[in-house]
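Input: a single structure, listed below in structure tokens.
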Amino acid sequence: MEIMYNIGTMELQREDIEKLYADTFKGLQEGKIYKGRIIQIGQDGVVVDIGYKSEGLIPRGEFSPEELESLGYGKEMDVYVVSRTITDGFIRISKDRATKIRTWDVLEEAVNNNTTVQGKITGKVKGGMTVDISGVKAFLPASHVDIKMLKDTDHLIGQSFTFRIIKLDTKRSNVIVSRRALLEEEREKLRKETLVSLNEGDIVKGAVKNITDYGVFVDIGGVDGLIHISDMSWGRISHPSELFSIADTVEAVVLKFDRETDKVTLGYKQKKSDPWAQVEEKYPPNKQVMGKVISIADYGIFVELEEGIEGLVHVTELDWSRDIKKPSKYFSIGDTVEAVVIKVLSNERKISLSIKQLKPNPWELIAEKYSSGQKVRGRVRNLADFGAFINIDDGIDALLHISDMSWTKHIKHPSEVLKKGQEVEVVILNIEPEKERMSVGLKELLPDPWVEEIPVKYASGNTVKGRITRVGDSSLLLELEDGVEGFISLHGKQGGDESLYNIGAEVTAKVIKADTKKRRIDLEIAEA
């Protein structure tokens, strides 16, 4: 009887338990999402009341530390019923699985309705980046990160953006998103709005997108405008990078807008008035100015007088001395210099400056310091075919013509008598300060032998000896004593074959005539 009683009791308990279990989970289904309310946060997890007689437990591992801190009693959340089986007094539920299911519903709805989703970029993978969309992992191809390919995307990690879904495969849990598509849509919308309201003369703001040798491209609201290098500054500029950098915010003036091609030309310098408009009034001739050297060339230096205004100091206006060859030896970029205005051509945007005219002109003092007939010493500065330039004083060069080098000798080139750098004594022949000219002579240091000496020494009929210095087609040139030259004509003369004569050979000749006006001595071969 006792045994039967026990068995009967056990059967009665089983029936009660099954009835109680059925009553407890009546209507509760595994694999479905329910709305729950937090009633306890413990060490093992979060206890949630989902409206049935037994609570559910979400493992603590499904919450980040930040999420755990934000949880509180009574807070509602969606949970997914994993199993109705009671374990340790709770049914198994999951927050993450509920979130993912809800997220997939949102993703499908976004695809069907062509709407967008929010996500956070979490890392980099081969070919792109990973995006977390409420617990669902999506792939962001590198080509869809931005409108243009970015070399470095590390700064995007951890940031949240709006994305458009370009592929969704629920069976394979594959989601591909694009940020570029939205940026392009926004850019196109902004572009249309900009094109409608844009007019020539408008002042617009934009960001520098690209820099080239000829200009910069500025995004002024979905539309790219070009600032040509010639429209960047009223002054001198070698490259656009001197003024602009990528991503710079720029304010510019719309110079031209072609509505058929949507091409926009912008001006940066036009925000300010042209400084050359008042240049003739501000910089009259003879005005002394200060400026900064901004460029150096072999022909001179360019000096910035103010922003957009520069003048040229030609190499000939650097100093009264003629020895300056390369301005770069005397000036550097950034040097501050003082100059005087010589000439202004506003229509050509040119200003001629002079540095040397701030100093006294040595030619203005030359007449007081030197006079004709005065003997002076100088140094050969340069040789030319027609003569030599002798530096007499600082900034003063005198011409020694080839005809003033010798009374008697026929000089073909100054190098026969002088060398560059040689110090010589000369006689001043003529001074013209107003023309900045001075002539000197070398032969004038000695008496003219053609006045008295030569007519006597080389009288007609006199026999002389000389050395042949040149053999021509029909004449010989002899060097006689004291450097005097004589000419022998071989036409119709005995022994007229010039092949019989060699340079350097000594010849005895007879004077035919010494012409003091033509300064010429004619000879003939003396008879044996």
| query | In the range 251-295, what count of residues is obtained for those that are in a strand (DSSP E or B) and either small (Gly, Ala, Ser) or closer than 18 Å to Val340 by Cα (or both)? | reply | 10
| note | Here the residues within the range 193-230 that are β-branched (Val, Ile, Thr) and in contact with a Gly (Cβ under 8 Å, 6 or more places away or on another chain) are Thr194, Val204, Val218, Ile220, Ile227, Ile229
| Among Ile309, Ile301, Ile296, which is modelled with pLDDT of 90 or more, surrounded by 15 or more Cβ atoms within 10 Å (Cβ to Cβ), farther than 30 Å from Asp397 by Cα and not charged (D, E, K, R)? | Ile309
| message | Which count do you get for residues in the range 62-81 that are surrounded by fewer than 15 Cβ atoms within 10 Å (Cβ to Cβ), of a type outside the set (D, E, K, R) and either out of contact with any strand residue (DSSP E or B) (no Cβ under 8 Å at 6 or more places or on another chain) or under 14 Å from Ala98 (Cβ atoms) (or both)? | response | 3
| said: List the residue pairs whose Cβ atoms are under 6 Å apart, where the first residue sits in the range 260-283 and is more than 18 Å from Val250 (Cα to Cα), the second is of a type in the set (Gly, Ala, Ser) and in a loop (DSSP other than H, G, I, E, B), and the two are 6 or more positions apart or on different chains. | reply: Pro275/Gly308
| request: Could you tell me which residue of the range 410-446 is surrounded by the most Cβ atoms within 10 Å (Cβ to Cβ), considering only residues that are under 26 Å from Leu480 (Cα atoms) and among the small types (Gly, Ala, Ser)? | output: Gly441
| query | Is it fair to say Val344 is over 30 Å from the mean Cα position of the chain (by Cα), touching a residue at least 12 places away in the same chain (Cβ under 8 Å) and part of a strand (DSSP E or B)? | reply | no
| said: All but one of (1) outside any loop (DSSP other than H, G, I, E, B); (2) touching a Ser or Thr at 6+ places or on another chain (Cβ under 9 Å) hold for Ile324; state the number of the condition that does not hold. | reply: (1)
| Within the range 94-114, is even one residue in the same structural domain as Gly45 (by TED's automatic domain parsing), surrounded by 13 or more Cβ atoms within 10 Å (Cβ to Cβ), over 36 Å from the mean Cα position of the chain (by Cα) and in a strand (DSSP E or B)? | yes
| task | Might you let me know whether the range 367-375 holds any residue that is surrounded by fewer than 19 Cβ atoms within 10 Å (Cβ to Cβ), assigned by TED's automatic domain parsing to the domain that holds His314, small (Gly, Ala, Ser) and outside any strand (DSSP E or B)? | result | no
| note | Over the range 256-276, the set of residues aliphatic (A, V, I, L, M) and closer than 11 Å to Val204 by Cα is Leu266
| request: Provide a single number: the residues in the range 237-259 that are in contact (Cβ under 8 Å) with a residue 40 or more places away in the chain and among the charged types (D, E, K, R). | output: 4
| query | Among the residues of the range 120-131, is there at least one that is touching a residue at least 12 places away in the same chain (Cβ under 8 Å), among the hydrophobic types (A, V, I, L, M, F, W, C) and outside any strand (DSSP E or B)? | reply | no
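The values are calculated or read from the model by the stated rules, or taken from the named source; none is laboratory data. These numbers come from a predicted model, not from an experiment. Quick reminder, even Gly has a Cβ in these numbers, built from the backbone with ideal geometry, and neighbours come from all protein chains shown.
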